[in-house]
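Notes for the one structure printed next.
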Amino acid sequence: MRLDVRFVDRVGIAQEILAVLSSRRLNVVAVEVEPPHIFIDAPALAAAELEGLRRALAQVAGVTDTAEVDLLPGARRRLHLEALLAAMPDPVLAVDAGGVVSAGNAAAAAVAGVPEEALAGRALGRLLGDPALVDELVRSGFRAPAREVAIRGEPFLLEAAPVGDAARSAGVPAAGGVVTLQSPRRVGDTLHAVQSHATGGGLDAILGDSPAMRALKARTARVAALEAPLLVHGETGTGKELVAHACHAASPRRDAPFLALNCAALPESLAESELFGYAPGAFTGAQRSGKPGLVEMANHGTIFLDEIGEMSPYLQAKLLRFLADGRFRRVGGDRELQVDVRVISATHRDLEALVAARAFREDLFYRINVLVLQVPPLR
């Protein structure tokens, strides 16, 4: 049985309360003192003995009440913390001051490929495959900037934070740290949630009941289930992105991210890094940890290339290579990555005329023009 003994705080009262239980030969396995409460776990205490114990404790000067509770506060907090960690989709690891894992959640165990109970006691450097990085984290008191790491070939963004007094006071040595790993797909899910249409983005978001709009909705529903690239034609302002989003929402990829890039709004170099990401130190001003691109963050989802007719010839060639097998390299990177995304493109320009004028690659045109949706003008 677990008890909550309320008292008026004074020196020695906790010792006198425990002496009462000892005199009754009750084994106490846990005690938590949080004035004006002292919580006691005495497994051998029977319900029939509680009233007698309550009277005996009332004789201790300062004790005001004794009640039964289901859990001690510390045990309750541990259960809530374990439930919280188990519910977190991102891998989270608690690391001691020497860089050894003391605990981790189920997501971390899945990434490491070991049972959850086997995480404790493992060296973080061995888990990440980068002992030098862990040495830097330990030396910095787990205040190092975020950076990218790879675990079993899968990229993650690593963020660390100190625990204990070091988390509140600069200059205090850290007793350890909390390491959080976030995959590019999770970043993409966050962006998708922020950018998603308030209407839900489904076919119901396409308004209008004219014969042309009904035909557009019916064809959108048909092509949504297919995996081939889709090209959306239409005048400026007719809602091509809305149609693309509706196609994604009606597809088997609906639970994965839908991310968009306006090819006309960015210069070539920036558009390339936005689309394919960049490696650490790829160029001046780049994040030290590198950055995943939209195709990486949209893995298993959909990437929408708006105004693809404005894409530069260099980027057209790189996109053509990506469409062939889903493989790409980040800007400044030497590692080839592969993702599974569906590409939906949109343009208001006549791509066939651009191909004839050699302003758009003919081979890329046929790659993206597998399925076509024509959005009728609003007039």
For Leu337, solvent-accessible area (1.4 Å; no DNA, RNA or ligand), Å²
20 Å²
Between Asp70 and Val29, what is 0.36 nm times their sequence separation minus the Cα-Cα distance? Round to one decimal in nm.
13.3 nm
Whole-Hz Karplus couplings 3J(HN,Hα) for the stretch 264-280, θ = phi - 60° and coefficients 6.51, -1.76, 1.60, Gly and Pro as x, run 8, 9, 10, x, 3, 5, 6, 4, 5, 5, 5, 7, 10, x, 9, 7, x
Against the longest principal axis of the chain, how steep is helix 211-224, in degrees 0 to 90 to the nearest 10, with axes from Cα atoms?
60 degrees
I'd like the orientation of helix 47-58 relative to the chain: the angle between its Cα long axis and the longest Cα principal axis, in ° from 0 to 90, rounded to 10.
70 degrees
Across the alpha-carbon set of the stretch 266-379, Rg over Rh with Rh taken as the Kirkwood radius works out to 1.00
Can you list the lysines whose alpha carbon sits under 19 Å from that of Lys240, skipping same-chain ones fewer than 8 residues off?
Lys217
At each listed q (0.17 Å⁻¹), what is the log10 of I(q)/I(0) that the Debye formula gives for the stretch 198-237 modelled as equal alpha-carbon point scatterers?
-0.54
Where is the GNM fluctuation largest for the chain (alpha-carbon springs, 10 angstrom cutoff): Glu307, Glu272, Glu68?
Glu68
Can you show me the helix-derived [θ] at 222 nm for the chain, built from DSSP H runs with n ≥ 4 at -39,500 (n - 2.57) apiece and divided by the number of residues, rounded to the nearest 500.
-10000 deg cm²/dmol
Enumerate the amide H contacts of Asp65 below 5 Å, restricted to partners 5 or more residues apart or on another chain; note that Pro and chain-start residues carry no placed amide H.
Arg6
In the chain the DSSP beta bridges are antiparallel at a rate, in percent to nearest 5, of 70 percent
Expressed as a whole-number percentage, the relative contact order of the chain with C-alpha contacts under 8 angstrom and at least six residues apart is 12 percent
Simple spin-label model, 7 Å along Cα-to-Cβ: Asp135 to Asp334 in nm?
2.1 nm
Inter-centroid distance (Cα atoms) of the stretch 48-107 relative to the stretch 289-343, Å:
49 Å
What accessible surface, in Å², does a 1.4 Å probe find on Arg78, ignoring ligands, DNA and RNA and rounding to the nearest 10?
140 Å²
Over 35 Å, how big is the tail of the calculated P(r) for the chain, in percent of all Cα pairs?
49 percent
Once Lys217, Lys240 are ranked on solvent-accessible area with the largest value leading and a 1.4 Å probe, the list reads Lys217, Lys240
Would you work out which of Val370, Gln182, Ala103 lies farthest towards the positive end of the dipole of the chain? Charges go on Cβ: Lys and Arg +1, Asp and Glu -1.
Val370
Any chance you could check the Cα centroid distance between the stretch 255-270 and the stretch 2-41 for me, in angstrom?
63 Å
I need the shape label for the stretch 224-318. Rule: rounded when a/c is under 1.5, else prolate if a/b > b/c, else oblate, with a, b, c from the alpha carbon gyration tensor.
oblate
Largest first, please: the extent of the C-alpha atoms of the stretch 60-101 along each principal axis, to the nearest Å.
48, 27, 9
With Cα atoms, 0 to 90° folded angle of helix 73-87 axis to the chain main axis:
20 degrees
Quick one: ranking His248, His300, His233, His80 by accessible area, 1.4 Å probe, largest first, what do you get?
His80, His300, His233, His248
For the charge dipole of the stretch 266-379, defined by +1 on Lys and Arg C-beta atoms and -1 on Asp and Glu C-beta atoms about the Cα centroid, which residue among Ala353, Phe304, Val331 has the Cα displaced farthest towards the positive pole?
Val331
Taking only protein heavy atoms and a 1.4 Å probe, what accessible area per residue, in Å², does the chain have with all protein chains in place?
50 Å²
Using modelled amide H (1.01 Å from N, peptide plane; none on Pro or chain starts), what sits under 5 Å from the amide H of Gly301, excluding residues fewer than 5 places away?
Arg342
Binning every alpha carbon pair distance of the stretch 43-151 at 10 Å from zero, what are the percents per bin?
12, 30, 21, 11, 15, 10, 1
Carbon + sulfur, % of accessible area of the stretch 100-149 - ligands and nucleic acids excluded, 1.4 Å
53 percent
Place a +1 charge on the Cβ of each Lys and Arg in the chain and a -1 charge on the Cβ of each Asp and Glu, then give the dipole magnitude about the Cα centre in debye, rounded to the nearest 20.
360 debye
Setting aside same-chain residues fewer than 8 positions from Lys318, which lysines have a Cα under 20 Å from its Cα?
Lys291
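The values are calculated or read from the model by the stated rules, or taken from the named source; none is laboratory data. Keep in mind it's a predicted model, so treat the numbers as computed, not measured. Glycine gets a Cβ as well: all are built from the backbone with ideal geometry, and neighbour counts include every protein chain shown. Just so you know, the surface numbers come from the protein's heavy atoms only, side chains and all, with ligands and any DNA or RNA stripped out. Shrake-Rupley method; radii C 1.70, N 1.55, O 1.52, S 1.80 Å.
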